[in-house]
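Structure, as structure tokens:
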Amino acid sequence: MKTYRVPMVPGPTSVSREVLEAGAVDFASADLEQEYVELYVARGEALGEVVQTKHDVVIQTGEGMLALWGAMKSSLRAGDRVLVLSTGLFGSGMADMARAIGCEARTVEYGYDETLKNFGRIEEAIREFRPKMITMVQNETPSGTMNPVAEVGELKVKYRVPLLYVDAVSGIGGSDVRTDEWHVDFCLGGSQKCLSAPASMSFLAVSEEAWGIVEEVGYAGYDALLPFRTAVRDAYFPYTPYWQGTAQLYKACRLLLEEGLEHVVARHERVAAYCRERVREMGLRLYPAEGAVASPTVTAVYVPEGMAWKELDARLRQEGVAMGGNYGCLAGKVFRIGHMGTQANLNRVKEALDVLEVAVRR
Ligand SMILES: *Cc1c(COP(=O)(O)O)cnc(C)c1O
């Protein structure tokens, strides 16, 4: 197994011993034990606090993409209209997902280095297209940017759009996610980003209105949400739950709540500001455009001119530092420093940036 002294990849993030050990459960006949139902409920309440919702939080076994697909397939039918707000790779990918289900998708497109602005554009698209669902990404991990959700939530309410679907996978646990206040119907998360649990679980907050639509659609499948509506009441899960993963996710939430959400958010902002400052001082260029909101959980930086990412990556790894590469049109051009969860630690980020500073010198 390869280990790095300073893991700074924007997910999976390094897992603390406490969280790892929370998974050391050797009797885990979860579908038969009331104890699991109690853990499931406790974990739902803790996650509900983290994403600031009074509604249900469903947990599924599988990474973040599982919840992203499950929520879409459970609430949309072929022919439904989906308005996709895109400021990056994950945002634009949602149009492909909706089309794969047979939906009609329209994208309001921004640059990958931008964040949502000119809300009149979005308002006009809603008025014209009358979508059943609006999708957006709160924290665009590949771009290192964070989108405002509140304004979109207001438009959803104003135009009575049935569903607001928000991928907050890399923002939950590292930023102020206000699911109910922002009128989010599906607030989607995963275990391996700011929560710093192993890459094994996904979760989502589901509003009452969304449950109504999920019932009406009646989608069946491994990723279906519907069986989770009655899971606690009936003490019946659609497949064997992953007890260990649930226990780890619960522990990760408890650690955040013990630290205090406000403190957690402040810690991420402090570390991110320090990271951006240092990167600028090194003469490197941040990826987000002027006026875009930089993410508090991940910083995206242009690979310096005249240096291949492969070379820079090798130099960093030689010194025990692992940073993140990129995907799609950003591959090889923009790299990422993941200061989320356990990695939102000033000493660790400082250590990584000291290594980066030497590595970018030719
Ligand atoms: C990590 C991530 C996901 C989920 O990806 P997985 O590979 O399933 O963990 C979804 N959206 C965003 C923005 C992410 O950063």
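Here, each number is a calculation from the coordinates, and none is a lab measurement. Bear in mind the structure is a predicted one, so any value in this text is a computation, not a measurement. Cβ: placed from backbone, ideal geometry, glycine included. Neighbour counts: every protein chain shown.
Lys251: which aspartates and glutamates have alpha carbons under 12 Å from its alpha carbon, excluding same-chain residues fewer than 8 sequence positions away?
Hits, sequence-local ones excluded: Glu18, Glu21.
Going by the alpha-carbon gyration tensor, a ≥ b ≥ c the square roots of its eigenvalues, is region 309-354 rounded (a/c under 1.5) or, if a/c is not under 1.5, prolate (a/b greater than b/c) versus oblate?
Numbers: a/c = 2.95, a/b = 1.43, b/c = 2.07.
The shape class here is oblate.
Between region 142-157 and region 83-127, how far is it from one alpha carbon centroid to the other, in angstrom?
11 Å
Could you give the length gained by full extension between Asp354 and Lys54, i.e. 0.36 nm per residue of separation minus their alpha carbon distance, to one decimal place?
Extra length from Asp354 to Lys54 when fully extended: 103.7 nm.
Looking at region 135-217, which chymotrypsin sites (Phe, Trp or Tyr not before Pro) are in a loop (DSSP not H, G, I, E or B) and have at most 10 other Cβ atoms within 10 Å? If you can, show how the numbers build up before the last one.
On the way: sites: Tyr159, Tyr165, Trp182, Phe186, Phe203, Trp211; in loops: Tyr159, Trp182.
Within region 135-217, no chymotrypsin sites (Phe, Trp or Tyr not before Pro) qualify (loop, at most 10 other Cβ atoms within 10 Å).
At what distance in nm do the modelled label points of Arg160 and Asn347 sit from each other, each positioned 7 Å from its Cα along Cα→Cβ?
A separation of 5.7 nm, rounded to one decimal place.
Which distance in nm do the two modelled labels at Glu215 and Ala150 give, with both placed 7 Å along the Cα-to-Cβ direction?
3.3 nm
Starting from the Cα of Arg285, step 7 Å along the direction of its Cβ; do the same at Leu257; then give the gap between the two resulting points in nm.
4.6 nm
How long, wide and thick is region 255-361, going by the Cα atoms along their three principal axes, in whole angstroms, largest first?
Principal axes ranked by extent give 45, 33, 26 Å for the Cα atoms.
Scan region 223-320 for chymotrypsin sites (Phe, Trp or Tyr not before Pro) in coil per DSSP, keeping those whose Cβ has at most 16 other Cβ atoms within 10 Å, and list them by number.
Listed in order of number, the matching sites are Tyr236, Tyr239.
So for the chain, taking the charge dipole from beta-carbon charges (+1 Lys/Arg, -1 Asp/Glu), which of Tyr110, Gly62, Pro12 sits furthest toward the positive end?
Tyr110
How are the Cα pair distances of region 50-106 distributed, in percent, across 10 Å bins from 0?
Percent of Cα pairs in each bin: 21, 45, 32, 2.
Work out, step by step, the length gained on full extension between Thr230 and Ala100: first 0.36 nm times the residue separation, then minus their alpha carbon distance; give nm to one decimal. Don't skip to the end; give the middle numbers.
Working: separation 130, 0.36 × 130 = 46.80 nm, distance 2.82 nm.
In short, 44.0 nm is gained.
By how many nm would the segment from Ala78 to Arg317 grow when fully extended, if each residue of separation counts as 0.36 nm and the alpha-carbon distance is taken off?
81.4 nm
Would you be so kind as to identify which of Gly23, Tyr40, Gly218 lies farthest towards the positive end of the dipole of the chain, taking Lys and Arg as +1 and Asp and Glu as -1 on Cβ and the Cα centre as origin?
After comparing all options, I get Gly23.
Taking only DSSP H segments of four or more residues, each worth -39500 (n - 2.57), what value at 222 nm results for the chain once the sum is divided by all its residues, to the nearest 500 deg cm²/dmol?
Only helices count here, giving -12500 deg cm²/dmol.
So what is log10(I(q)/I(0)) for the chain at q = 0.11 1/Å, when the Debye sum runs over its Cα atoms only?
Rounded to two decimals, the profile gives -0.73.
Aspartates and glutamates within cross-link reach of Lys158: Cα-Cα under 16 Å, excluding same-chain residues under 8 positions apart?
Within the straight-line limit of under 16 Å, Lys158 reaches these aspartates and glutamates: Glu123, Glu124, Glu128, Asp180, Glu181, Asp185, Glu209.
Using unit Cβ charges (K, R positive; D, E negative) and no other charged atoms, how large, in debye to the nearest 20, is the dipole of the chain about its Cα centre? Don't jump to the answer; show the numbers that get you there.
Values: 39 positive and 48 negative charges, 228 e Å.
Here the chain has a charge dipole of around 1100 debye.
Between Gly11, Gly173, Gly221, which gets the highest mean-square fluctuation from a Gaussian network model of the chain, Cα cutoff 10 Å?
With Cα springs under 10 Å in the chain, the top fluctuation among Gly11, Gly173, Gly221 is at Gly221.
Do any GluC sites (Glu not before Pro) in region 265-362 lie in a loop, going by DSSP, with at most 15 other beta-carbon atoms within 10 Å of their beta carbon, and if so which? Present the calculation step by step, with values, prior to reporting the outcome.
Numbers: sites: Glu269, Glu277, Glu281, Glu290, Glu305, Glu311, Glu319, Glu351, Glu357; in loops: Glu290, Glu305, Glu319.
Listed in order of number, the matching sites are Glu290, Glu305.
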